[in-house]
Amino acid sequence: MDRTYDLTLPTDTRWLADADAQAVCDAVHAGGHAIYFVGGCVRNALLGLPDSDVDMSTDALPERVMALAKRAGLKVVPTGVEHGTVTVVSGGKGFEVTTFRRDVETDGRRAIVAFSSSIDDDARRRDFTMNALYADAQGRVIDPLEGLSDLRARRVRFIEDADARIREDYLRTLRYFRFHAWYADPANGFDPDALSAIASNTDGLETLSAERVGAEMRKLLCAPDPAPALAAMRQTGVLGTILPGSDDRWMAMLVHFEGHLGLQANWIWRLAALGGEDTANRLRLSKADTRMFENIRSAAFEGKSLSEIAYRHGLEIAQGAMLLRACLAESPPETSVLETINSAIQAKFPVRAKDLIHAYQGPALGARLAQLEAAWIASNFHATQETLLDMPDT
């Protein structure tokens, strides 16, 4: 297999210069074993992107890693010994160190693995070529499966047989689209072999837990522009399988409008643009995320003004409702709308219960407050306390 040692990670790669990470490498090297940084941290360093989790891979068995780490005075947590993973704590930071592995048996959700001494075996069981990149403690890059060419071209490609990689873990279908949204050059389009294999294996998506699907969708929707990936998901039948009733037709517009207004993307309002049946349960949203999703959806399609929505529900829900309404109208919002929303958020209702308690009690007091608040909102928050208190009770 091809090994590339003439390429070195950038000198400003922070985790490579981290003395705590190097201490883990030194501990394993002291026992005569190889150890490499692997996966996302290497990929992101080569792409000039922010640090990813720093994971390591070694030819040493888990028990040997633990013994060597302890000998070096490092703490060890046996987080997944049966799968080959131990967490070595160095300088208060945890580093996952995993023994080279090869898959023995898979069922689409989990794998039975055997330990290996071969970096080639370890590389082949990964998902995409750009994730099968390793770097030694000096930062020299090892490329067993020629993933560098794909990384340089910003091309997301399954390792070897796409159909086999997907059947090993059906979540890789969603990971493919997520990686495409984050790392691919849109000009390259999508790998035809990948799309063909994905379209042939959509049934396997139904075996995945809602938590795993939801986590992947969140990461995808946080990408700078998830619209092309979502369109490909629809075309291959993936989107309809994981989120029946959803529709991605607004996503490209919504992303454009975000950029037009200079808004920081919010994955919940993007999810609200997708819609779908029983979305909160299918993606196992938290209670807080569910409330925001439902509030944005209802606010976008009800008749209340954006000012009132902002006043009652806050900035993100008002902005989300604004964007969804703009998509419905197929017209970008005016930038002045943002000023209106920001002003409404800061507005303070000038009447308090103590101002009315001399004349109203119980339910009547609540009804009067609600009446005056509605009038104040209708005045675009301009009505003064005096004006409101002088209003007749209807």
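Checking the conditions here, which among 303, 320, 362 is at positive phi and out of contact with any strand residue (DSSP E or B) (no Cβ under 9 Å at 6 or more places or on another chain)? Talk me through it step by step, then tell me what you get.
Numbers: 303 fails: at positive phi; 320 fails: at positive phi.
Of the residues listed, the single one that is at positive phi and out of contact with any strand residue (DSSP E or B) (no Cβ under 9 Å at 6 or more places or on another chain) is 362.
Taking the options 324, 369, name whichever one is of a type outside the set (Lys, Arg), surrounded by 20 or more Cβ atoms within 10 Å (Cβ to Cβ) and either more than 27 Å from residue 385 (Cα to Cα) or out of contact with any His (no Cβ under 8 Å at 6 or more places or on another chain) (or both). It would help to see each step written out before you state the result.
On the way: 369 fails: surrounded by 20 or more Cβ atoms within 10 Å (Cβ to Cβ).
After applying the criteria, what remains is 324.
Among (1) under 29 Å from residue 12 (Cβ atoms); (2) surrounded by fewer than 19 Cβ atoms within 10 Å (Cβ to Cβ), there is one condition residue 156 misses while meeting the rest; what is its number?
(2)
Could you say which residue among 229, 197, 187 is at pLDDT below 95, in a helix (DSSP H, G or I) and touching a Lys or Arg at 6+ places or on another chain (Cβ under 9 Å)?
Details: 229 fails: at pLDDT below 95; 197 fails: at pLDDT below 95.
Only one candidate qualifies: 187.
If you check 269, 250, which single one turns out to be in contact (Cβ under 8 Å) with a residue 12 or more places away in the chain and either over 28 Å from residue 192 (Cα atoms) or touching a Ser or Thr at 6+ places or on another chain (Cβ under 6 Å) (or both)?
On the way: 250 fails: either over 28 Å from residue 192 (Cα atoms) or touching a Ser or Thr at 6+ places or on another chain (Cβ under 6 Å) (or both).
Residue meeting the stated conditions: 269.
Is segment 260-269 home to any residue that is in a helix (DSSP H, G or I) and among the small types (Gly, Ala, Ser)? Don't jump to the end; show me each part of the working.
First, pick out the residues of segment 260-269 that are in a helix (DSSP H, G or I): 260-261, 267-269.
Then keep just the ones that are among the small types (Gly, Ala, Ser); that gives none.
Within segment 260-269 (the criterion being in a helix (DSSP H, G or I) and among the small types (Gly, Ala, Ser)), the answer is no, since none of the residues qualifies.
Find the residue count for segment 135-172, including only residues that are over 21 Å from residue 52 (Cα atoms) and in a helix (DSSP H, G or I).
Within segment 135-172, residues that are over 21 Å from residue 52 (Cα atoms) and in a helix (DSSP H, G or I) number 7.
Go through the residues of segment 3-10 one by one and say whether even a single one is of a type in the set (Ser, Thr, Tyr) and surrounded by 18 or more Cβ atoms within 10 Å (Cβ to Cβ). Before you say what the answer is, go through the steps one by one.
We begin by selecting, within segment 3-10, every residue of a type in the set (Ser, Thr, Tyr); these are 4-5, 8.
Still in the running and surrounded by 18 or more Cβ atoms within 10 Å (Cβ to Cβ): none.
Checking segment 3-10: not a single residue is of a type in the set (Ser, Thr, Tyr) and surrounded by 18 or more Cβ atoms within 10 Å (Cβ to Cβ).
If I filter segment 377-392 down to residues being under 40 Å from the mean Cα position of the chain (by Cα) and part of a helix (DSSP H, G or I), which single residue comes out as surrounded by the fewest Cβ atoms within 10 Å (Cβ to Cβ)?
Residues of segment 377-392 under 40 Å from the mean Cα position of the chain (by Cα): 377-378, 380-381.
Next cut, part of a helix (DSSP H, G or I) only: 377-378.
Working: 377: 19, 378: 13.
Selected residue: 378.
Can you pull out every residue in segment 290-306 that is surrounded by fewer than 21 Cβ atoms within 10 Å (Cβ to Cβ) and touching a Phe, Trp or Tyr at 6+ places or on another chain (Cβ under 7 Å)?
Residues satisfying the conditions do not exist here.
The conditions are (1) modelled with pLDDT of 95 or more; (2) of a type outside the set (Lys, Arg); (3) buried (at least 19 other Cβ atoms within 10 Å of the Cβ), and residue 211 fails exactly one of them. Which is it?
Among (1) modelled with pLDDT of 95 or more; (2) of a type outside the set (Lys, Arg); (3) buried (at least 19 other Cβ atoms within 10 Å of the Cβ), residue 211 violates only (3).
The values are calculated or read from the model by the stated rules, or taken from the named source; none is laboratory data. Being a predicted model, the structure only gives us computed values, none of them experimental. Cβ: placed from backbone, ideal geometry, glycine included. Neighbour counts: every protein chain shown.
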